[in-house]
Amino acid sequence: MEKIKELTNTQLIEIAPAIGAIKPFCQVSERYSFVPTLTAINHLRDTGWIPVMAGQAGVRTKDKNGYQKHMIRFTRPDLIVNGHRMDLLLYNSHDRGCAFKLIGGVFRFVCANGMIIGDRVAEYSHRHVGFSPDMFIKSSLLVGEHIEKTAGVIEDWQEIEMEKNEKGIFVKAAHQLLYEDTNKAPITADQLLICRRSEDREKKDLWTTFNTIQENVIKGGLRGKSVKGKKIRTRGVKAIDKDRKLNQALWILTEEMAKIKKQ
């Protein structure tokens, strides 16, 4: 079993300094209620959630540095199943850009692949104004109950075999999620099906197909050509919001494919 490496609050702040903000951005209104991210982290720790990863968004203006949107991934020892870790993701900011948001996620150890569950049942928001620790903790428990069931979803998707034409339809839809104008895309849809590990190449199941596409979308690194014909490599997704939206959209797309296959 993979070991969980818990991050201390000090380590979290070193990785994403905005986590340690002790006051809000100067331009928020007097009505803004400041709740430190560390307070929310400690509430989650008290209910058994262990912080294991963190990150923060970039800023367009230097004044907002240290107050921007940030994300912390949590897990529990009982939520590691068959090479996958079921996670709870916490989002927040101190510049009015984001309320506290709790979302369920999955992390695949073999490729360090962090996914986000697209089901809205696994997502809760809490405003800073009138922040209730009890409601926040209750939401974390509800997300936990939902992601406990995700292990069953993974097993289900591993049992669904994909035909070549079905993979083609699936990856075409994923390609359109990534590029608004696919005619100007630097890569073809089929390139998103390139497996990065030999053990995945022989598998034809929906879960592996989803993992392969998701990893290529999020991590980038695929060889392609710009509109002007210049050789390039696709960029990985670094922005917190884009990462979340693409991950959730791909998860929902996989859910829909699973429904079709079961008909």
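Any read-out appearing in this document is the output of simple, stated calculations on the displayed coordinates, not a laboratory observation. Small disclaimer: the values here were computed from a predicted structure and weren't measured. We place every Cβ from the backbone using ideal geometry, glycine too, and count neighbours over all the protein chains shown.
Some values worked out for this structure:
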| item | result |
| --- | --- |
| Calculated SAXS-style log₁₀ I(q)/I(0) at q = 0.14, 0.18 Å⁻¹ - segment 9-148, Debye, Cα scatterers | -0.63, -1.01 |
| The chain: most fluctuating residue of 61, 212, 150 per GNM, C-alpha cutoff 10 Å | 61 |
| Distance between modelled label sites at residue 9 and residue 34, nm, 7 Å Cα→Cβ extension | 1.5 nm |
| Rg(Cα)/(2.2 N^0.38 Å) for the chain, N = residue count | 1.06 |
| Distance violations [Cα-Cα > 30 Å] among 5/225; 203/259; 230/261 | 5/225; 230/261 |
| Shape of segment 30-85, Cα gyration tensor, a/c cut at 1.5 | oblate |
| Global form of segment 132-263, assessed from the alpha-carbon gyration tensor, a/c cut-off 1.5 | oblate |
| Alpha-carbon centroid distance for the pair segment 225-260 / segment 80-155, whole angstrom | 20 Å |
| Neighbour-count ranking [beta-carbon atoms within 10 angstrom, fewest first] of 179, 124 | 179, 124 |
| Choice from 198, 125, 33 showing the highest fluctuation, given a GNM over the chain with Cα pairs closer than 10 Å | 198 |
| Extension gain from residue 134 to residue 151, taking 0.36 nm per residue of separation minus the Cα-Cα distance | 3.4 nm |
| J(HN,Hα) series, segment 133-145, from Karplus relation 6.51 cos²θ - 1.76 cosθ + 1.60, nearest Hz, glycine and proline x | x, 5, 5, 4, 5, 4, 4, 4, 5, 5, 4, x, 4 |
| Amide proton proximity set for residue 205, modelled H, under 5 Å, gap of 5+ | 162 |
| Pairwise centroid distance, computed over Cα atoms, of segment 52-71 with segment 206-221, Å | 26 Å |
